[in-house]
Structures are given as C-alpha cells and as structure tokens.
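Below: the structure, in structure tokens.
The values are calculated or read from the model by the stated rules, or taken from the named source; none is laboratory data. Since the structure is predicted, the reported quantities are computational estimates derived from the model, not experimental observations. Counting neighbours? That spans all protein chains shown, and the Cβs are built from the backbone with ideal geometry, glycine included. All accessible areas refer to the heavy atoms of the entire protein, side chains included, with ligands and DNA or RNA removed. Shrake-Rupley method; radii C 1.70, N 1.55, O 1.52, S 1.80 Å.
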Amino acid sequence: MSDRQTGVEPSAGDDAAWPALTTEPRDWTSNLDDGRLSVWERQRISRPYKASVLPPIARRTPRISSNVHVLVVDATSDVARFDSEVATMPVPMPAVLLRTESASSSQIEHLTTNARNLAMASLGVGSKQNAELVAANVRAMNEALTIGDDITPDTILAVHHALLAVSAPDVAGRWRAEQVWVGASAISPHGADFIPPHHERVQAAIDDMVKFAERDDIPALTHAALVHAQFETIHPFVDGNGRTGRVLLQQVLRRRGLTRHTTVPVSAGLLRDPDRYFRALTSYREGDPDPIVEQVAYAALAATINGRHLADDVMALRAAWQDQIRARSDSAAWRLVDALFAQPVVNAGYVAATLAISDRGARNAIEVLEKAGVLQPSTSALRHKVWQAPQILTAMDAFAARAGRRA
C-alpha cells in the first residue's frame, strides 16, 4: 500500500491553516403574509442575514495533528484488511454492508426502519414511508457504484437524483435555487445555527470541491472526511445533503483504492455519537479539520469491528444451514441461500429474475428453503406471497443495534 493510502502526513507548506468560513450580508424577502408575523418578526427579517462564504480549498493541504494522524494510520490499515477479508467470503457481503451503510446514514437523519421493512421496500412490496426512503438511499449507493468513483458535478447530481427521485422529484438531481439554513425558525434564516452559502455561490463551490476531490496527495481517509465536510458545508441541495455527502465519502475511499471490494459502513460508526459528528462539522467550518477527520477515523474503526461481527453471524448461519438444507450444492436452492443475504425478503418473481430460472424453478427453490426453516412466509396472500429469512433479518437488526451504542 502506498504512502498516500496509509496516511503518511503531507507537508503543509504555506497552507498550514485550514481556512474558516466568512460571511456576507444578504437581503431576505419573505414569502409569508405579513399579517401572519408579529411586529418583532417583521422587523427582524427585514434586516440582512449573514450567509456563509466558503474559501477555496482545491489547492489547500491540511495539517492534521499528530494524534489524529496516528489514528488515521491505524484506521486506514484496518479498513484495508477488512476490505480484503470481505473479498474472500462466499456470500455477497458487499451488498449486505452497502445496505447497512445506507440504513445507518439514513438513521443519522432520523429515518429509521428495521431490516424486514427495508427488505420489503427494496422488493417493492412495502408501504412504510421511512423504509421506502431508506431503500432510496440503497439505490443512491448502487448508483454511485454504477457511475464510477470519479466525483464530478454530474455524478453528484446522479446520486442525488437516485436518492430523491421518488420522494421529491421536483428537487431531485438539481442544485438548490434558494437559500437554506439549519436550525432556528422556519420563517427566515435569521439566527439559524448554520447558513450555507447563497445559492448563487453553489456551482462555484462545488467546482472547487470537485478539484479538491481529484487530488491524490492527501491520506485517503483524511481526504474522504474533508470532501464530505466541504460538501455538507456547501449544502447544495434543498434536501438529502447528509445522505448524499456520506455517499461521496464512500466514493473517495474507492477512488483512492482504500476500499476495492466492499462498502465500509462508516455511517454506522458515526451513529455512536451523532452530536459529536455534527459538532465536528461545525469545527471544520471554523477552520479546524481535526475533529471531523478524527470522527471519520473512529467511525471507520467501529465499522470494521461491527462489520466483522456481522460477517461472523452471516457465516455461522450459512454453516448451520449446511445440515438443514436437503439439496445439491449446485442447486437453485443453494444459490438462493446466498442471494438472501443481499435481499432477505423475496417473492417468486424476484427469485426467478435473480437466479435466471423459471417461475416453477423459483417456487421449488423457495419450497426447499421453507422446509429447511431458512425461509418462512411473510404474507398469507397466495397471489402475492412473500417469504422472509428471519435469521438474516435478526443479524442485520443486531448490527443496527450495535451501531447505535456509544463507545
């Protein structure tokens, strides 16, 4: 592994200090009927608000403290080992981990669901709103894998479109054309916790961030953390910024070659303490990149620990089923077993399409696994019957429960 991947600290040169945000006054025009506002509120929003102005970072080189640098080196080595371990597994573990990353990233935004509802939504038979939103995050992650690892304005828009095409088609895949803000009143940005740059500055800020993302002279994990933090600071969309930004983090790790075979569920690590994660983003905006790099490194370490636990659970299930399933090792039933780890709720149509077999062959494979106790009916309707793999769902829910525990 090269020095660039292992985290050898680069020289800071003339750009040792990471630039803090500045602000600029912007006039605010309310769309609300003045009759709905108090005199105080009308006076308050009549004054200009202060929107953030992002200094360019394309050519900046961060100086990370020695303690955080050591942590980055350790986390980088562990992520590389984990990526290699997953590559040798006989089950589609990358698909399992991608789903857990998507669910954890959504949970940071308070979009929670369990493994069964997510699998139902992914199959297109669920009606739980949160599950459908999390399933959209899975689609966004898969879109990122499909379009490649280079971060460009077009690839960012494609990921965002995959995320919000169903839930918010009017804004999906479009840069925002309005001011957004975080916290405080919904009436105006005045007094908000954070006011991203005015929408007129979004395109230039994205172009600068993309140039920064193209570099290869910054340690991969540090690089991913900073690209993510810069994206969250730009906040280029009306909605979906957090989830899109955490997809970008994964893209940087892949482009830099730190992850080649799988998705390391960093968001599951960030779930240990979301408040600290958000405070780290605030520190980044104030000119201190150390906290967000530290949080991402700790999250990566936590993710590999939890990911290995899930991998052990998955392999233990597969080993136990060796004695339970009465079928040849090359049968459709065994191919279905491995497919279940990626999609633990199925119907006959899904099985037939995934295994490229007939409807009758799909039903025969399901029947074999149902008799073995691997699958059980999830619905009673004969026409739209669905089966679930409860032990896999339990393992995934256990992963999610561990992710939410603070260290």
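Explain nothing, just the number: dipole magnitude of the chain about its Cα centre with +1 on each Lys and Arg Cβ and -1 on each Asp and Glu Cβ, in debye rounded to the nearest 20. Write down the numbers at each step before the final one.
Working: 43 positive and 46 negative charges, 220 e Å.
The dipole of the chain has a size of about 1060 debye.
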*asked:* Given an 8 Å cut-off on Cα distances and at least 6 residues of separation, report the relative contact order of the chain as a percent.
replied: 21
_With +1 assigned to the C-beta of every Lys and Arg and -1 to the C-beta of every Asp and Glu, and no other charges, what is the dipole magnitude of the stretch 316-407 about the Cα centre in debye, to the nearest 20?_
180
*Would you work out what percent of the accessible area of the stretch 131-219, with all protein chains in place, is carbon or sulfur (probe 1.4 Å)?*
50
*For the stretch 142-154, Karplus couplings with θ = phi - 60° (6.51, -1.76, 1.60), whole Hz, Gly/Pro x*: 5, 4, 4, 5, 6, 7, x, 9, 6, 8, 10, x, 5
*Label-point separation in nm, Ala319 to Arg59, each point 7 Å along Cα→Cβ*: 5.7
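Can you give the direction-averaged projected area of the convex hull of the alpha-carbon atoms in the stretch 267-357, in nm²? Walk me through the intermediate numbers first.
Numbers: hull surface 33.9 nm².
In nm², the orientation-averaged hull projection of the stretch 267-357 is 8.5.
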*Obtain the nm distance between the two label points defined at Thr282 and Ile187 by a simple spin-label model: each point lies 7 Å from its Cα along the Cα-to-C-beta direction.*
2.4
*When the distances between all Cα atoms of the stretch 252-407 are binned every 10 Å from zero, what whole-number percent does each bin get?*
10, 30, 25, 19, 11, 4, 0
*Around Phe194, which amide H atoms from residues at least 5 apart in sequence, or from another chain, sit under 5 Å from its own amide H, with H modelled in the peptide plane?*
Val182
*asked:* Among Pro90, Ser267, Ala300, which residue has its Cα furthest toward the positive end of the charge dipole of the chain, with +1 on Lys/Arg Cβ and -1 on Asp/Glu Cβ?
replied: Pro90
*Measuring from the lowest to the highest alpha carbon on each principal axis, how far does the stretch 162-234 reach, largest first, in angstroms?*
43, 32, 21
*Mind listing P(r) for the stretch 112-202? All alpha-carbon pairs, 10 Å bins, whole percents.*
16, 32, 34, 17, 1
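Are there any trypsin sites (Lys or Arg not before Pro) in the stretch 236-289 that are in a DSSP loop and have at most 14 other Cβ atoms within 10 Å? List them by number. If you can, show how the numbers build up before the last one.
On the way: sites: Arg243, Arg246, Arg254, Arg255, Arg256, Arg260, Arg272, Arg276, Arg279, Arg285; in loops: Arg256, Arg260, Arg272.
Here the trypsin sites (Lys or Arg not before Pro) that fit, given the DSSP loop and packing criteria, are Arg260.
Short version: what are the Cα gyration tensor semi-axes of the stretch 49-194, square root of 5 times each eigenvalue, largest first, in whole Å?
Working: eigenvalues 169, 143, 51 Å².
Listed largest to smallest, the semi-axes of the stretch 49-194 are 29, 27, 16 Å.
How big is Rg to Rh over the stretch 136-182, alpha-carbon atoms, Rh as the Kirkwood inverse-mean-distance radius?
Numbers: Rg = 11.2 Å, Rh = 11.1 Å.
That ratio is 1.01, to two decimals.
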*asked:* For q values of 0.09, 0.12 Å⁻¹, compute log₁₀ I(q)/I(0) with the Debye formula on a Cα-only model of the chain, without solvent.
replied: -0.59, -0.96
_Rh by Kirkwood over Cα pairs, then Stokes-Einstein D for the stretch 361-400 at 0.890 mPa s and 25 °C, µm²/s_ = 224
*When the stretch 45-134 is reduced to its Cα atoms, the Kirkwood hydrodynamic radius in Å*: 17.6
*Those aspartates and glutamates that a straight Cα-Cα span of less than 12 Å connects to Lys50, excepting residues fewer than 8 apart in one chain*: Glu24, Asp27, Asp193
*What whole-number value in Å² describes the accessible area per residue of the chain for a 1.4 Å probe?*
44
_Solution diffusion estimate, µm²/s, Stokes-Einstein, the stretch 323-375, Kirkwood Rh from C-alpha pairs, 25 °C, viscosity 0.890 mPa s_ = 229
